[in-house]
Structure formats: C-alpha cells, structure tokens
Amino acid sequence: MPPYETPVVSSHPQSPSSPGTSFSLEGPSLEALQQAFVQGTNFFASIQEDDGSWCGDYGGPMFLLPMYVAATYICKRPPSDEEREGMVRYTLSTQNPDGGIGIHAEAEESMMFTTTLSYIALRLLEVPAEQPEMIKMRRWIQDHGSALAAASWAKWIMCVLNLYDYDGLHPILPELYLLPAEVPIHPGHLWCHARQVYLPMAYLYGKKTRIEADPLIQAIRQEIYAKPYEKIRFSAHRDTLCPADKSYSLSFLSQIANFAMGAFESFHREGLRQRALEEVKRHIDHEDQATNFIRIGPVNAVLNTLVHYFEDPEGEAHQKSWETLPTYLWNGHDGIKMNGYNSCKLWDTAFAVQALRATPTSVADSPVVQKALSNAYRYIQDNQVLEDVPEKDRYFRHASLGGWPFSDRLHGWPITDCTSEGFKAAIELEETVEQPIAEGLLRESVRLILSFQNDDGGWASYERQRAGTWLELFNPSQAFRDIMIDYSYTECSSACLQALQTAQKRFPGFLTQPIQRAIQNGENFLRRKQREDGSWEGSWAVCFTYGTWFGVWGLLAAGVSPQDQAIQKACDFLRRHQKADGSWGEHYRSCQTRKYEEHPEGQAAQTAWALMTLCKAGHAQSSAAHRAARFLVDRQQEDGDWPREAMVGVFNKTTLINYENYRRYFCLWALGLYHKANA
C-alpha cells in the first residue's frame, strides 16, 4: 500500500458567507468541506491495494462459512489453529439472544437453515457440545423442530456429511441436462447463480455421495435431532420446514414436479444416469476452466470442490480447487468469514475512480489522488475480459468480450452494471494515462451492454432473462425468493443507461440508432418501475434509498429533464424520509416488507446516495442537501474514514451483505457533487 501522504490543497478564496457563494449556514463550512476531502482522500488512498484496486469485507451471509468448514472436514483439509479461532469467533459473534443464528450477521430473526449449519460447523471446528453457546444453540434447534426442519440447502450439506439421508431430499435430477436446450425446464434457462449451484447438487445427488460416519459425525447426529438417527424416516421430512426458514409457499406445480421426479428416481436406468452424470460433469469442468477454478460464487465453489473430491481426492482438479477456495475467506474485525465473491475489487475500484474525480480540483489534482487514480486505471485495464468463453452456447454462457466482472479477470463472469461502471471509469481516466485501453475494446464494451438488454427494456445482472417468471413456481430453495431467473433491475438498467450516455459522447456516430433505441426502452422501463410514492425499489442494497438514486440517475442519463415529474416525485420521496439530523437511515426490513422502514440511526452510505440524488436532480442548494452534507462531514472520523455502520448490501431480498468501502467513496462522491453545485 502507498505511504500516507498529504495532498497540497489550495486555500479557497471565499468564506462560506462571502458574496458569490451559495453555501448555507445549514450546511458545512467550506473549510470543513475542504478538510473532509483532504482527510477522506488521504485515508482512502492509504488503503489502496498494490494492484491498484480497493478491496473490502464482503461477508455477512451466515450459510457460507459453514459450507466452507464442511468442505474442509469432508476433504480432510483442516484449517489452521488461527483460522479455526477466527471462524469460531465470527460465528459466535452473530449468535442472537435466543441462541439461534440468522440468515445474515445482523439478522434479528434466527433461522433453522443457518443455525443448524452453524452448529455443525462449530462442532467440526472442535467447539465442545457443552460450551454454553452451543447448549443455547442446540436448545433453539430442538425447540423449533430439530434439524429435520432446516431449509433444503442445509440438508444438502448434511447429506454429504452423512448427517441426513438423501431420501429426505426432493430429487435434483442430472437427467435434466440431457433434455433438448429448447425445453422450458432445461437448467440452461435458470439464473446463472442458481444454474451453477444446482449443477453440482445434481451430480452429488445422482451419486448419493457421503463420507463415513466417524465418531464426531455420530455425536452430532445425536445432538441435532430429537430422536435417534437410526429411527428417523427421512423420506417423511422432504417438506418439513421451520416457519422461520419459509420465504414462500410451495406451489402446486412444484409439488407435482417433485412427485414426478421422485417417481423417475425410483425407476431410472443406470445407463441413462451415467450419461447424465457425464454431461453434468462436463458443465462443472467448463465452469472450473472458464473461471480458473474460482467459480461464479462461494456456494458452487464449495460444491464443485466436493464433486472433485469424490471423483479423485488426489486429482489435479481437487488440488486446484483448494488453491482458490480459501481466497473467499476474509479476516475481518469480527473474525474470519466467507465472502460472497472472491472479491469486490472491480466494483469498488470503478466507483472509487468516479468518487475521487468528483472531488474539488485542488484535491483531485493533488499528487496523492493522481497516483491513486493512475493505479486504479491500471487495475481496470488489467481486468477487462478479453475473450468469450469457449463453446459459450453449449454451456449457456452469454458473450464476455469487453465486459468487466465484479472482482477480476481470472473470475471472468462479466456483469451488466460492473461492465457499465468499469466502462465509465475507464472513459473518465483515459485522457490522463499514457497507454489507455484500446478503442476497439471500449467499443466491444458498448456492444456487450447492448446485447444484455431484455425485451422489457431493462437489464438483468449476468445475462439476458432466459425464461418467464413462471419458472419461479419451481424454486426448490425454500429460503430464497426470486432466484430462478435473471430479472431486470433498476440498478443494472440505470448503470447501463449511464454507460450508453457516456458512449454516445465518447464515440459520436457509433451504433447511433441501437444506442438511442436502447436508451429509450431503458427510460420506459425505469418509468414503469417507479412507485407511486416516487421511489424505486432497490434489489442489491437497502433499499429504496439505493434504488431511488439509481432510478433518478438513470432517467437523467436517458435525457430526462431534472424538472420532469418523475424526478421531482423521487426527490419529494427522499425529503419525506430525511431524519432531523439531516441523514437517511433505512432498515434492512425494507427489503423484506417492500416498504420503507426507518433505521433508528442515520447511515452514511444511505445519506450519500440521497445527497447524490438531490444534487444531480437540481436540489444541491436545498435545505435537505445542506443538512445531509453537514451530517456526512460531522460523521467523518479524525483519520478521514467514516465509522462502520449497519450493512447496506443485500441480495434476493433476504440476505444482507457487507460493502466495506461504500461508506468511504460514496461519502466523498456525494460531498464532491455538493461542493461543485454550491461553490
């Protein structure tokens, strides 16, 4: 990391009360703002990685680390004593007063899914069963129906650990991969994350893989059930579910499908099963090769590792799995956790570039910031995807050339909004570097963004939507909603519209008609998604504050006037929810109830999103903006950082996930926009 440096900041010629300025006594003084920029950029530059990126804690989901721990036990790869201590400390730090553990680290409601997995993981990490926290956790499990009532993903891991029987699962048939790709129920139509999770599950189910029940496994069996393991009829518990784990009701069509697959499983032919397993294994191997064994995410990273272990524990694929799997671990202030991705480097770095560029010229042009931006550009340049994956159509992959991933090029899965933010950051800096990204590659980014657009005018996450919402009726997860297809999202759509607007300016005359058509359709999509109260619902962070920022910026990028009724309604919505101290604070329950719910305390990142929205919409000189800016300046710590607050990232409307750097660059970005509009 670079040494801590102090940029040379020129003094401003006017005080806040001088004629010619529009700074308000409600807002921070100009001197305080300048100091916030200096301290904030100094601190942020000091935590930049050597490769030019910014990286941070991306943990929070409480089902991830137990899966990793299970893999270490199954594959006989025990963690070090230091890792074991950190994992135990983190898991126990999330335990609720009732003894259980929630779906994410801040969840106030415990779930059988995560409590059971966490209990098992702690026992595998050699925590004694009679430790007080374990007794309390075990009591919660027994009082809520025992491990028999855990959601299906927990039961899958328990099956491989020989803590549950495959008879207690609804089948995930590998034979589905032998269907013609055009068949609507072919797994190729699933959202890529679901597709890549249920792929190794189908393999593990098809082979009924499990480890031997050693003394520890036998002891855990007696601890997590209300009666002896040998007397449990697991087939009677396929749909047994703790109410706390239930995020939706099982559809009648899903019940029919489960019955049909169960009947098929009873009579399938071994020759057909073997062919199906070979086809599934080809898809697993393709995912491994295309991602350099990183895989799309931590769940399929664990499951693919298990597949290779049971295939050949001494084989190259299994060895490579363990070279990459620990990269998902993060040693945080609260212990060792498993991140939701191998990193969030590209995402953070692309936003960081835009935030630093938004600071006043006296700061943005300082040596420390210029050095940070130069290094950041190197990371963005080095991690653009340069080719499509081999045989992409056979393996249900969208084009990749020109895209940017969430983390790095080795991971390789491009995402619509990551591509858009990477493109915007690259254009932002290309005139400041000696060897910018080749123009041809930047044009490929634009082509890729256009190819991602859905028929409804919006953009999903990784690829075009491949099936109708009816496929959600067959969701087998029990604990997660809206995971079967890749929906069009406000945030992704807005980011793509902003990138296309940037492309129009950078490449006049290039794909003019397709870009204009895409922008118009995108604008129409965002208008349809706006709620009657003026807000947009966010899907990837909490929640209406985040969605409304993207909704407004997307419409503005499409050419909508700030005076447009949709923009003004959005600003009115934000003003109605501003707290007395000038902040915004939205509780994660908003994602669950799908209506704005107040957090008891103001949150810096959410306040920054609201302030950024107001500034771009022409309200930078309003009382709401002045008070928000004052809150952000007052909230800053002496070292230039902003304090750790509630997690604000989310996915599938259920699970919070941490973005460690959101409170840093978004605060700088918002204050930069505020300063520019008021100076």
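Criterion applied to 97, 128 was being surrounded by fewer than 20 Cβ atoms within 10 Å (Cβ to Cβ) and under 30 Å from residue 542 (Cβ atoms), and the one residue passing it is 97. Residues in segment 106-125 that are touching a Leu at 6+ places or on another chain (Cβ under 7 Å) and either part of a loop (DSSP other than H, G, I, E, B) or not assigned by TED's automatic domain parsing to the domain that holds residue 149 (or both): 106 only.
Could you tell me whether any residue of segment 34-52 is of a type outside the set (D, E, K, R), at pLDDT below 95 and surrounded by 20 or more Cβ atoms within 10 Å (Cβ to Cβ)? Taking every residue of segment 34-52 in turn, none turns out to be of a type outside the set (D, E, K, R), at pLDDT below 95 and surrounded by 20 or more Cβ atoms within 10 Å (Cβ to Cβ).
Can you pull out every residue in segment 149-184 that is in contact (Cβ under 8 Å) with a residue 40 or more places away in the chain and under 19 Å from residue 103 (Cβ atoms)? 149, 150, 151, 152, 153, 154, 156, 157, 158, listed by residue number.
Considering 463, 387, 430, the condition of being part of a helix (DSSP H, G or I) and assigned by TED's automatic domain parsing to the domain that holds residue 348 is satisfied by 430 alone.
One line per residue, one yes/no per condition, for (1) assigned by TED's automatic domain parsing to the domain that holds residue 479; (2) in a helix (DSSP H, G or I); (3) among the small types (Gly, Ala, Ser):
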residue: 217; (1), (2), (3): no, yes, no
residue: 257; (1), (2), (3): no, yes, yes
residue: 263; (1), (2), (3): no, yes, yes
residue: 274; (1), (2), (3): no, yes, no
residue: 277; (1), (2), (3): no, yes, no
residue: 280; (1), (2), (3): no, yes, no
residue: 287; (1), (2), (3): no, yes, no
residue: 293; (1), (2), (3): no, no, no
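Residues are listed down the side, and each one gets a yes or a no for (1) farther than 26 Å from residue 63 by Cβ; (2) under 30 Å from the mean Cα position of the chain (by Cα); (3) in the same structural domain as residue 101 (by TED's automatic domain parsing):
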site: 172; (1), (2), (3): no, yes, yes
site: 189; (1), (2), (3): no, yes, yes
site: 195; (1), (2), (3): no, yes, yes
site: 204; (1), (2), (3): no, yes, yes
site: 208; (1), (2), (3): no, no, yes
site: 266; (1), (2), (3): yes, no, yes
site: 270; (1), (2), (3): yes, no, yes
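When residue 281 is tested against (1) under 27 Å from residue 342 (Cα atoms); (2) surrounded by fewer than 16 Cβ atoms within 10 Å (Cβ to Cβ); (3) basic (Lys, Arg), exactly one condition is not met: (2). Kindly indicate whether residue 254 is within 30 Å of the chain's Cα centre (by Cα) and free of Cβ contacts under 8 Å to residues at least 60 places away in the same chain. The answer is no for residue 254.
Among the helices (runs of 4 or more DSSP H) confined to segment 522-610, the ones with at least 3 residues that are of a type in the set (Phe, Trp, Tyr), within 25 Å of residue 480 (Cβ to Cβ) and in contact (Cβ under 8 Å) with a residue 24 or more places away in the chain are located at 544-557. Of the residues contained in segment 384-397, none is found to be surrounded by fewer than 21 Cβ atoms within 10 Å (Cβ to Cβ), touching an Asp or Glu at 6+ places or on another chain (Cβ under 7 Å) and either of a type in the set (A, V, I, L, M, F, W, C) or modelled with pLDDT of 95 or more (or both).
Only residues that are out of contact with any helix residue (DSSP H, G or I) (no Cβ under 6 Å at 6 or more places or on another chain) and either acidic (Asp, Glu) or assigned to a helix (DSSP H, G or I) (or both) were counted across segment 161-200, and they come to 7. Among the residues making up segment 294-348, those that are charged (D, E, K, R) and over 30 Å from residue 669 (Cβ atoms) are 295, 311, 312, 314, 316, 320, 323.
The values are calculated or read from the model by the stated rules, or taken from the named source; none is laboratory data. Predicted model only: the values in this text are computed from it and were never measured. Quick reminder, even Gly has a Cβ in these numbers, built from the backbone with ideal geometry, and neighbours come from all protein chains shown.
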